[in-house]
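Participant: Here you go, one structure.
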Amino acid sequence: MVMGLVASHANAITCTEAISTLMPCKDYLIGKSNFVSVPCCTGASALNGKVKTKPELKSMCECLKQAAAALHVIPERAKSLPAICKITTPIPIDPNADCNSI
């Protein structure tokens with residue numbers, strides 16, 4: 001089960017909130033759909049804007065890595081999401097990322 005994050009400031013987002021924000025991406029990420037929806041990109045962009053500090057990035061990396069494993073996310077699809085949604089992320093979007101290197 002994915003654990004919630006401790007909020008370090010008012011704009012911090014919990015792991016549960018992050019996963020909920022990205023749920024519109026699920027069908028694309030697991031290969032059920034070949035298309036990324038507008039709600040998926042809206043959620044990815046919103047999440048990207050809320051995670052800023054190094055501790056937040058590391059925690060979010062761990063959170064999303066656990067969720068990706070539980071949902072059987074296709075790594076290539078996860079890696080393609082920022083380009084499809086036209087966002088730049090401060091960390092690689094990769095279920096196999098080393099979160100300790102952040």
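Participant: Based on what the data block shows, is Asp94 acidic (Asp, Glu) and over 10 Å from the mean Cα position of the chain (by Cα)?
Facilitator: When the stated conditions are applied, Asp94 does not pass them.
Condition check ((1) without any contact (Cβ under 8 Å) to a residue 24 or more places away in the chain; (2) open to solvent by less than 30 Å² (accessible area, probe 1.4 Å); (3) on the phi < 0 side of the Ramachandran plot) across all residues:
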site: Cys63; (1), (2), (3): no, yes, yes
site: Ala67; (1), (2), (3): no, yes, yes
site: Leu71; (1), (2), (3): no, no, yes
site: Ile74; (1), (2), (3): no, no, yes
site: Pro82; (1), (2), (3): no, yes, yes
site: Lys86; (1), (2), (3): no, no, no
site: Pro90; (1), (2), (3): no, no, yes
site: Pro95; (1), (2), (3): no, yes, yes
site: Asp98; (1), (2), (3): yes, no, yes
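Participant: Any idea which of Pro39, Pro55 is open to solvent by 40 Å² or more (accessible area, probe 1.4 Å), touching a residue at least 24 places away in the same chain (Cβ under 8 Å) and not basic (Lys, Arg)?
Facilitator: The conditions single out Pro55.
Participant: If you take the residues in the stretch 24-36 that are closer than 18 Å to Ala83 by Cα and out of contact with any Leu (no Cβ under 9 Å at 6 or more places or on another chain), which one is most open to solvent (accessible area, probe 1.4 Å)?
Facilitator: Checking each candidate, the answer is Phe35.
The values are calculated or read from the model by the stated rules, or taken from the named source; none is laboratory data. Since we're looking at a predicted model, the values are computed, not measured. Cβ: placed from backbone, ideal geometry, glycine included. Neighbour counts: every protein chain shown. Calculation scope for accessible area: heavy atoms of the full protein, side chains included, ligands and nucleic acids excluded. Shrake-Rupley method; radii C 1.70, N 1.55, O 1.52, S 1.80 Å.
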